[in-house]
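The values are calculated or read from the model by the stated rules, or taken from the named source; none is laboratory data. What you see is a predicted model; the values in this text were computed from it and never measured. As a convention, Cβ positions derive from the backbone with ideal geometry for all residues, glycine included, and neighbour counts pool all protein chains shown. These area figures cover heavy atoms from the full protein model, side chains too; ligands, DNA and RNA do not enter into them. Shrake-Rupley method; radii C 1.70, N 1.55, O 1.52, S 1.80 Å.
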Amino acid sequence: MSDDFKRVESHDCPMSTCAAPAGSPCRTGKNKVAIQYHTARFRLVPQLAKALSVPTPAVRKPGSVWIELPWPVSAGAEPVGHVRLGYARASTARQSLDAQLDSLTEAGVTRVFSEKISTRATRRPSWRPP
């Protein structure tokens, strides 16, 4: 069996309809394991960039219901879990971000980017966490 699938699965799938994380096979719109990896994903691997298709191996059970496989653990590293990012914005300096920030905290967001700026502003400062 070829190890091409391991190279492909070292990347997240960039297809918005799939969005399979690294370590998992691609999925179809009906949430089944895809028969082959999405082209946008296997082209991230230089050795496979010109391939016409990369089939999903039988060990990944193509056609079965898709479930996220455990994330691959780097050698010598402890898994730390998922990071949730949030964004809060107010259009004027008089508006408060407190309600948005409280909601994001309740939702388990671990890092919040916020800004107070008009939607008509053509230049935006770089985002910085509060």
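Are there any pairs, at least 6 apart or on different chains, whose C-beta atoms fall under 9 Å, with the first in region 47-66 and within 9 Å of Ala34 (Cα to Cα) and of a type in the set (Gly, Ala, Ser) and the second assigned to a loop (DSSP other than H, G, I, E, B) and open to solvent by 90 Å² or more (accessible area, probe 1.4 Å), and if so, which?
Gly63/Ile35
Residue check: is Arg60 open to solvent by less than 30 Å² (accessible area, probe 1.4 Å) and at pLDDT 85 or above?
no
Within the bounds of region 81-103, is there any residue that is touching a strand residue (DSSP E or B) at 6+ places or on another chain (Cβ under 8 Å), assigned to a helix (DSSP H, G or I), at pLDDT 85 or above and not polar (S, T, N, Q)?
Scanning region 81-103, I find at least one residue that is touching a strand residue (DSSP E or B) at 6+ places or on another chain (Cβ under 8 Å), assigned to a helix (DSSP H, G or I), at pLDDT 85 or above and not polar (S, T, N, Q), so the answer is yes.
Only residues that are touching an Asp or Glu at 6+ places or on another chain (Cβ under 8 Å) and hydrophobic (A, V, I, L, M, F, W, C): list them for region 1-50, please.
Ala19, Ala20, Ala22, Phe42, Val45, Leu48
Which one of these is hydroxyl-bearing (Ser, Thr, Tyr) and modelled with pLDDT of 80 or more: Ser118, Ser74, Ser114?
Testing whether each residue is hydroxyl-bearing (Ser, Thr, Tyr) and modelled with pLDDT of 80 or more leaves just Ser114.
Does Ile35 count as among the aliphatic types (A, V, I, L, M), over 20 Å from Ser2 (Cα atoms) and open to solvent by 40 Å² or more (accessible area, probe 1.4 Å)?
So Ile35 fails the test.
Of everything in region 21-44, what is at pLDDT 90 or above and among the aliphatic types (A, V, I, L, M)? Give them in sequence order.
Val33, Ala34, Ile35, Ala40, Leu44
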